Ligand code: HEM
């Protein structure tokens, strides 16, 4: 097939269903120059894995200078070397181990329960709008000690940030909304950061204000940028992950029944969702030198678009890759939330998602509580989930019905 016949990643056809195009790209054009985004598209598992792991130091994350810095300010995603590891060491403890277990699990549980309480007696809900778009962002707001009453503004901000990040076609309105978000978020956050420095509490924001590694502290601007990244990276992604795990289970009732019966399977169902329907479908890098990949050479100084959604369905890596199968034996669920993961949804290497274990805790708690509240959970009659999004992707809505549990 000539490259002219490959559906363009900016076309409506691709947005409606990117998976056939991913297959064609992997098979016929594993390295494709894309004029509109001025980037090289990479789609095979082995190539995307190699770019992310970057063992030979051939790639940078300088793409975030234009993809995110205009809305967030400079964040950890752009840093490299020692600067990156020092900054990561400041923030990583909050997202794993005893901080996560002792401080934040109760926050996750109570936020999930509060949302379910709003619909548990009604017999119907939309898992996307009533739950998934609210739960992770409420958790982060609570972790940071921000006012959850501002939920609608947080949601508006992170949606604008992610739209800016994925603004592949350079839409002017998206750019303008991103720039407004930078100003509004700074106006909102900087006074809170100053107040928290004066009166620290037991929250993550206070911890970020006080944190010091090798004498390095974060400035107000750094902290604001990091909070903006947390809302976006932890909000939009986990929101899509929760919607997708439910869509996958509802479309595969025998697997839903197995998970309901044995809740330890949630981990596998989540790992398989990350492979099959990852929340983030694309991540970019810049090449520092000429690099050989399948299909040719990426010249130094180019932008590379790594198609996670395509790589995670590479037939050379996974058997029957388009099938959602939580029991598959070619995906290791125990490693799925560490940098040794064998799916690519959290990237790999230095920038491997620092929130992976938090996302896992949210999904496990959320799925458990929703299954308990909805013993005969099913999709609303005649409803077929429709995915939306090209850069990030997940079900647009998920109306469900259930018999309320007597309380
Ligand atoms: C299922 C949910 C999630 C997915 C699919 C996801 C995906 C990703 C991906 C693909 C990256 C790598 C970006 C790159 O290499 O350019 C990343 C990094 C990151 N994620 Fe997540 N993420 C999720 C949840 C979270 C949560 C809950 C948080 C925190 C609240 C978070 C915070 C971050 C941060 C701070 C980074 C940057 C790490 C670094 O540069 O060292 N993520 N995430």
Scanning for something within 16 Å of the ligand (Cβ to nearest atom), more than 28 Å from residue 113 (Cβ to Cβ) and touching a strand residue (DSSP E or B) at 6+ places or on another chain (Cβ under 7 Å), does the range 351-371 turn up at least one residue? no
Every residue from the range 292-346 that is part of a strand (DSSP E or B) and touching a helix residue (DSSP H, G or I) at 6+ places or on another chain (Cβ under 8 Å): 293, 304, 306, 307
Scanning for something touching a helix residue (DSSP H, G or I) at 6+ places or on another chain (Cβ under 8 Å) and within 27 Å of residue 183 (Cα to Cα), does the range 8-16 turn up at least one residue? no
Residue count, the range 373-388, condition modelled with pLDDT of 95 or more and more than 18 Å from residue 256 (Cβ to Cβ), comes to 3
I'd like to know if the range 78-88 contains one or more residues that are in a strand (DSSP E or B) and touching a strand residue (DSSP E or B) at 6+ places or on another chain (Cβ under 7 Å). no
Under the condition of being assigned to a loop (DSSP other than H, G, I, E, B) and touching a strand residue (DSSP E or B) at 6+ places or on another chain (Cβ under 9 Å), which residue from the range 1-21 is farthest from residue 321 (Cα to Cα)? 10
Here is a check on your reading of the model: is residue 384 touching a residue at least 12 places away in the same chain (Cβ under 8 Å), more than 10 Å from the ligand (Cβ to nearest atom) and either within 27 Å of residue 48 (Cα to Cα) or surrounded by fewer than 20 Cβ atoms within 10 Å (Cβ to Cβ) (or both)? no
Can you tell me which of (1) within 23 Å of the chain's Cα centre (by Cα); (2) within 14 Å of the ligand (Cβ to nearest atom); (3) farther than 26 Å from residue 323 by Cβ is the one residue 82 doesn't meet? (1)
Let me confirm something: among 293, 348, 307, which residue is crowded, with 19+ Cβ neighbours inside 10 Å and away from the ligand (no atom under 14 Å from the Cβ)? 293
Among residues of the range 387-404 being crowded, with 20+ Cβ neighbours inside 10 Å and more than 16 Å from the ligand (Cβ to nearest atom), the residue farthest from the chain's Cα centre (by Cα) is 400
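Residue-by-condition table, conditions (1) assigned to a strand (DSSP E or B); (2) over 21 Å from residue 329 (Cβ atoms); (3) more than 11 Å from the ligand (Cβ to nearest atom):
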{"position": "245", "(1), (2), (3)": "no, no, no"}
{"position": "249", "(1), (2), (3)": "no, no, yes"}
{"position": "254", "(1), (2), (3)": "no, no, yes"}
{"position": "257", "(1), (2), (3)": "no, no, yes"}
{"position": "274", "(1), (2), (3)": "no, no, no"}
{"position": "285", "(1), (2), (3)": "yes, yes, no"}
Regarding the range 258-273, can at least one residue be identified that is at pLDDT 95 or above and under 20 Å from residue 143 (Cα atoms)? no
Quick one: which residue in 71, 48, 24 is assigned to a helix (DSSP H, G or I), closer than 25 Å to residue 208 by Cβ and either touching a helix residue (DSSP H, G or I) at 6+ places or on another chain (Cβ under 9 Å) or modelled with pLDDT under 90 (or both)? 71
Looking at (1) within 14 Å of the ligand (Cβ to nearest atom); (2) surrounded by fewer than 20 Cβ atoms within 10 Å (Cβ to Cβ), which is the one condition that is false for residue 329? (1)
Residues in the range 192-238 that are more than 16 Å from the ligand (Cβ to nearest atom) and either assigned to a loop (DSSP other than H, G, I, E, B) or under 25 Å from residue 64 (Cα atoms) (or both): how many? 13
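The values are calculated or read from the model by the stated rules, or taken from the named source; none is laboratory data. Please read all numbers here as calculations on a predicted model, not as lab measurements. Because the Cβ atoms are built from the backbone with ideal geometry, glycine has one as well, and the counts that use them run over all protein chains shown.
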